[in-house]
Amino acid sequence: MKQSNYQGALQHPLGSGFNAKSTTTEVIKGIDLTGKIAIVTGGNTGIGLETTKTLAAAGATVIVPARDVNKARKNLEGIANVEIDVLDIMNPASIDSFAEKFLASSRPLHLLINNAGIMWVPLRKDSRGFESQLATNYIGQFHLTAKLWPALKQANGARVINVSSLGHHMAPFSFDDPNFKHREYETLQAYGQSKTASNLFALELDNRVKSFNVRAYSLHPGSIADTELGREASVDLLKKMGLLDKKGNVHPEILVSLKTIPQGAATTVWAATSSMLNTIGGVYCEDGDIAELLSVDYSDQISAKLHQSGVMQYSLDENDAKRLWALTEEMTGIVFDIS
């Protein structure tokens, strides 16, 4: 319990038996979640919806907070053990309202799945001046988790799961200019730093809360077809990323590597439920296991390896994790009181 994952000290695959092709059905097999309470942000579309279905089918009560409640009701129709509530993860008042309502129910929270996220968007800022990808993919996670802390502690055996991305390879966190006030906006840089921040948050959170029997994890779900993440991506951007050829067609090797939604949600479910992680936290996972730690030096890595799997050391750095925590409290005015 004393060891942390700072600098990737615990970042070693466990030999779980799962891989990129494993599905939610496979990783949840034999696990009973009866009596458990889960919250899944973004739990009515894409891999969030699959996560919701899987946890609910295993017996958990799943609360799905959604900005568009009518859309959520339609997408979740017929699924037992699901509750829907209002939440806009970019709106601080909405986060506070949702959390206060949940805490008022006096229920413990066993699983908090911070799944909601955005990608490939133009420069937008929220009401506080925070860049939208940072606000959604990281600051919203921090805010919601902080406000729900009493319920997580009450569970006496909770997990917080941050759905991050291999996209953290695109950029470390910029402490000098996180909101692109003094540098040209580049959407992939913004996405990358937001996911690096999510990893650093899981790392530091786990170290601070493990004495309360709460553990935290971050993960890469994989490249997945049929989600809403790419709805604002331009053809030029997808070409720049190497996903499309000059004619705008998806490269064959990319098509082969894409996961189905049940495969994409599998690592989330594994991180949330696997007994193999009972005494390990703060790790970054992928393909149903703990991911490999990559070298700081890009030149030491095979290019294909660097861009397809693994976690960068800068997203598991102790000093940056502590610094980001303090900066986030300063930026938001939210004191994450762990006591």
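The values are calculated or read from the model by the stated rules, or taken from the named source; none is laboratory data. Not measured: the values here are computed from a predicted model. Using ideal geometry, Cβ is built from the backbone for each residue, glycine included, and neighbour counts are taken over all protein chains shown. For accessibility, only protein heavy atoms count, side chains too; no ligands or nucleic acids. Shrake-Rupley method; radii C 1.70, N 1.55, O 1.52, S 1.80 Å.
Per residue of the chain, the DSSP helices (runs of n ≥ 4 H) give a summed -39500 (n - 2.57) that works out to -10000 deg cm²/dmol at 222 nm. Full extension of the chain between N70 and D85 gives 4.4 nm of extra length, using 0.36 nm per residue less the Cα-Cα distance.
Positive contributions from Lys and Arg (+1) and negative ones from Asp and Glu (-1), summed over other residues with Cβ under 10 Å from the Cβ of K125, come out at +1.
Ordered from largest to smallest accessible area (heavy atoms of protein chains, 1.4 Å probe), the residues K29, K181 come out as K29, K181. Think of a 1.4 Å ball rolled over the protein heavy atoms: the chain then has 43 Å² of accessible area per residue. Its relative contact order, with pairs defined as Cα atoms under 8 Å and 6+ residues apart, puts region 55-147 at 24 percent. Pairs exceeding 30 Å between alpha-carbon atoms, taken from K125/K153; K153/K195; K53/K125; K29/K101; K210/K259: K125/K153; K53/K125; K29/K101; K210/K259. Expressed as a whole percent, the accessible surface of the chain that belongs to carbon and sulfur atoms is 50, based on a 1.4 Å probe.
Accessible area ranking (1.4 Å probe, heavy atoms, ligands and nucleic acids excluded), largest first, for K74, K36: K74, K36. Over all other residues within a Cβ to Cβ distance under 11 Å of Y185, the charged ones net out to 0, with Lys and Arg as +1 and Asp and Glu as -1.
DSSP finds beta bridges in the chain, and of those with both partners inside it, around 15 percent are antiparallel. What does the charge add up to near I334, with Lys and Arg as +1, Asp and Glu as -1, over the other residues with Cβ less than 15 Å from its Cβ? Residues near I334 contribute -4 overall.
When every Cα-Cα distance of region 163-230 is counted in 5 angstrom steps from zero, the calculated P(r) takes the values 4, 16, 21, 19, 17, 13, 8, 3, 1 percent. The solvent-accessible area of I84, taken with every protein chain present and a 1.4 Å probe, is close to 60 Å². Over the chain, the Kirkwood radius and the radius of gyration, each from Cα atoms, give a ratio Rg/Rh of 0.93. Across the options P65, L219, P92, the greatest Cα extent toward the positive end of the charge dipole of region 6-331 (unit charges at beta carbon of Lys, Arg, Asp, Glu) belongs to P65. Which one, S194, H169, L111, is farthest towards the positive end of the dipole of the chain when Lys and Arg carry +1 and Asp and Glu -1 on their Cβ? So the residue we want is L111. Listed values for region 271-283 are Karplus-derived 3J(HN,Hα) couplings in whole Hz (6.51 cos²θ - 1.76 cosθ + 1.60, θ = phi - 60°), namely 5, 6, 10, 5, 5, 5, 9, 4, 10, 10, x, x, 9, and x replaces Gly and Pro.
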